[in-house]
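Okay, so here's the structure we're looking at.
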């Protein structure tokens, strides 16, 4: 592989020093074989500017910490290989989420709030009996739930969503998918009317204007388009019955 | 008076992975006020990355028929190479099935038994129609029965998300992006922590009747580790730095046989459990030559050593990142790979540019797990300080001894959380919070002074990143899979010097607010202390047991070494002090592990 010289244009802003205006800072780095943005950003911080803020945790595409705009596209930095990018690379923080500094945004608080608003836990009247055998479930159902449960809360679907960018309370595809996960789960005893109260609004499923950037941007490939359609259909029917 | 925010709760839990959250749930459901601190949002914890599964003797699957806690106990003790506490292993094995069923009740979409016939490694398997829909199990290394419960390829993710959903439902307070700098204690009792907010850089004080450390392992001391980058052992070193809390068996470091080259991301044991093979440069499946019975599924320490032994014989595949072997799952077929092993497939495609449906996967043993940690009793109470508890990978409880079986760590987090959480609740209800403001002030001022010295470069201008790379190299090169006297002595000497230098770190960044360089600088001395405990413990232990393999002492030596290392770091000392305590044998006297250990003596002889 030919050794390219990469030029990074990185957004810099620290909300703790608001008198310093947001700016783009340029860093130059020699590309290495197998270089990912995880490797590149750490090199820049360790060798060029140790104040640079960004988030990685698992660096393996599992934990969802490192969502950012890479040349305008919301995606995971850890599994972006520099060889798939041009020599000029622009890195910006994900929009919608609160900026903590440079490329670091507060997805944790957003997703916790979404979980609270959608009451994203199994609602059941049953109590757990430690001496009883587990309740049975078909493996097909289990896999179906898992399909929706695979969301890693990286926020790429939210950052790229036109509605979420203009409506601060919109729960976005991640929120709708979360609701779908519990709707599919036979252990959750909520009925459609109860779900309607959670997502049957303009901040929920009816706020979506169907641009489907979420589906394009999901780095783990959750079929968000299908999940949106599923919840919309169910909620439209539930709306009729009201 | 220093400026800081102060928070008080009944129970303070440091770490929001599975162990911390499960303990928090137990304490909260018993009516206690709980605060959880976490470096990152809870769902980003390293628990989420565990793909393989959790061991529990449910016995639903055909290949798990007849399984029981007795067999799970025996596997765990053998796996530990008789280094574990047997009363802990017994308690764990008995409770694991209940913990898994509770997770099912809370919402984990466990994979379920599907009736019918399939072929696995040349054997016909018929799943019993009467078991349809119960929690299924897959094969994992070192177990007599198929016992590992799993959710497709995302066990840790689904269990953590479910656990966290219960935390949210219960309204438990979580302060994420918060890092603990020290424990507040008077030498006898722990009363909370001094922490730093990673959003603003401000110091905070948390006081509580009981303080619980559940911060996971220290994988990042080794450069090549499968662990998340937050696994820097912070909970362990803040306990060590009290001078009175010992760390147990720090030399017991587990290497996973299959870290992908060169990013060291874990390829889960599920790949071999589902029938994957290891191949050498000639595409020869070599594990049956060494371990005819267990083949690729001998315990992790054995497979890791066999791979390195085979590479040393010249059968490794050369690469710019060192020699490796291949993992082959192609024969499992596209459908199986893309559903049951999807995360593995994604990792291969995204991080190594190979498609495991058609290509071989480059792998090499990589640091993976720390059996050692804060030494506790069976109730999870840390030695040395009342009011301090620890559980999960941060703790040495000690059910893993010198080698942990795959699927036992994730299970431990939940089982220990359930059991120790109850003990924490009982303790806390009887305890009172009585901490003097002078003591708090003293601890805060100490941290303020440390931060100010780093910012002003008062003690020197050592570069924290440089020190860190040196520490990683020392451990990887001298305290790895094969160990012996000379390299270990070298490691101890180098770490001694590195520890001195770490007291002379100075910042280049100015250290304002939530400065990331300051965060690294505040950790480096503690991390080097942990590395020192590992190296010193390994040098002292003149035998081979589980993952600790001394080429110069290749046999296990029960006469002299059936004991647990306790490493202390007295306040102001420049090196750790080692002490020992006996290992508790209750049911199963030391014997042969039955997979490979009998012949490991030969491993180094014919290299």
Against the longest principal axis of chain B, how steep is helix B:69-79, in degrees 0 to 90 to the nearest 10, with axes from Cα atoms? 80
Beta bridges by DSSP in chain B, antiparallel share as percent, to the nearest 5: 65
Using just the alpha carbons, could you tell me how many Å³ per residue the convex hull of the range A:5-105 encloses? 97
What translational diffusion coefficient, to the nearest whole µm²/s, does the range B:445-571 have by Stokes-Einstein, given a Kirkwood radius computed over alpha-carbon pairs, a temperature of 25 °C and 0.890 mPa s viscosity? 153
I want to verify a result. In a Gaussian network model of chain A, Cα cutoff 10 Å, which of these has the top mean-square fluctuation: A:210, A:200, A:64? A:210
What is the Cα centroid distance between the range B:248-288 and the range B:196-220, reported in whole angstrom? 33
How would you classify the range B:12-72 from its alpha-carbon gyration tensor, with a ≥ b ≥ c the square roots of the eigenvalues: rounded for a/c under 1.5, else prolate if a/b is greater than b/c, otherwise oblate? oblate
Residue of A:163, A:109, A:82 that the Gaussian network model of chain A assigns the largest fluctuation, springs spanning Cα pairs under 10 Å: A:109
Could you state the angle between the C-alpha long axis of helix A:224-241 and the longest principal axis of the C-alpha atoms of chain A, as a value from 0 to 90 degrees rounded to the nearest 10? 30
Which of B:48, B:476 comes first, and how do the rest follow, when ranked by fewest Cβ neighbours within 10 Å? B:476, B:48
What FRET efficiency do you get for residue B:355 and residue B:592 if R0 is 45 Å and r is their Cβ-Cβ distance, rounded to the nearest 0.05? 0.65
Using the Cα gyration tensor of the range A:118-241, with a ≥ b ≥ c the square roots of its eigenvalues, what is the shape: rounded (a/c below 1.5), prolate (a/b larger than b/c) or oblate (neither)? prolate
Compute the FRET efficiency between residue B:486 and residue B:241 as 1/(1 + (r/R0)^6), taking r as their Cβ-Cβ distance and R0 = 22 Å, and round to the nearest 0.05. 0.15
Stretch gain in nm, segment residue B:117-residue B:336, where the contour uses 0.36 nm per residue and the Cα spacing is subtracted: 77.3 nm
Across the residues of B:335-343, average count of Cβ atoms on other protein chains within 10 Å? 1
Stretchable slack from residue B:173 to residue B:124, in nm (0.36 nm times residue separation minus alpha-carbon distance): 12.6 nm
With springs only between Cα atoms under 10 Å, which of A:17, A:107, A:80 fluctuates most in a Gaussian network model of chain A? A:17
Theoretical ellipticity at 222 nm over the protein assembly as shown - DSSP helices of four or more residues, -39500 (n - 2.57) apiece, nearest 500: -11000 deg cm²/dmol
What share of the DSSP beta bridges in the protein assembly as shown is antiparallel, in percent to the nearest 5? 70
Fully extended, how many nm does the chain gain between residue B:584 and residue B:284 (0.36 nm per residue separation, minus their Cα-Cα distance)? 103.8 nm
For the range A:110-172 and the range A:8-81, distance of Cα centres in Å: 29
Computed over chain A, the relative contact order (Cα-Cα under 8 Å, seq sep at least six) in percent reads 17
Once the convex hull of the alpha carbons of chain B is built, what does its volume come to per residue, in cubic angstrom? 138
Considering only chain A, percent of DSSP beta bridges that pair antiparallel, nearest 5: 80
Taking beta carbons within 10 Å but only from partner chains, what does the mean come to for residues B:130-142? 2
Whole-number D in µm² s⁻¹ for chain A, Kirkwood Cα-pair radius fed into Stokes-Einstein, 10 °C, 1.306 mPa s: 80
Three-way shape call for the protein assembly as shown based on the alpha-carbon gyration tensor, with the a/c threshold at 1.5: rounded
How do the peptides B:88-94, B:225-231 rank, highest first, by the average count of neighbouring beta carbon atoms within 10 Å per residue? B:225-231, B:88-94
If you count, for every residue in A:145-153, the Cβ atoms of partner chains within 10 Å of its Cβ, what is the mean? 6
Could you state the angle between the C-alpha long axis of helix B:300-310 and the longest principal axis of the C-alpha atoms of chain B, as a value from 0 to 90 degrees rounded to the nearest 10? 70
Rounded to whole angstroms and listed largest first, the alpha-carbon spread of the range B:29-181 along its three principal axes comes to 52, 35, 28
Note to self: C-alpha centroids of the range B:1-74 and the range B:347-412 sit apart, in Å, by 13
Starting from the Cα of residue A:125, step 7 Å along the direction of its Cβ; do the same at residue A:191; then give the gap between the two resulting points in nm. 1.1
Using a 7 Å offset from Cα along Cα-Cβ at residue B:573, what residues in the range B:517-542 end up with backbone N under 19 Å from the label point? B:525-542
Rank-order B:266-273, A:216-223 by packing density, defined as the average count of other C-beta atoms within 10 Å over each peptide's residues, highest first. B:266-273, A:216-223
Given a Förster distance of 25 Å, report the FRET efficiency between residue B:8 and residue A:16 from their Cβ-Cβ distance, rounded to the nearest 0.05. 0.40
Which order do the peptides B:532-538, B:208-214, B:286-292 come out in when sorted by mean C-beta neighbours inside 10 angstrom, highest first? B:208-214, B:532-538, B:286-292
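Coordinate-derived values only; no laboratory data. Since the model is a prediction, treat every value here as computed from it, not as a measurement. Backbone-built Cβ (ideal geometry, glycine too); neighbour counts: all protein chains shown.
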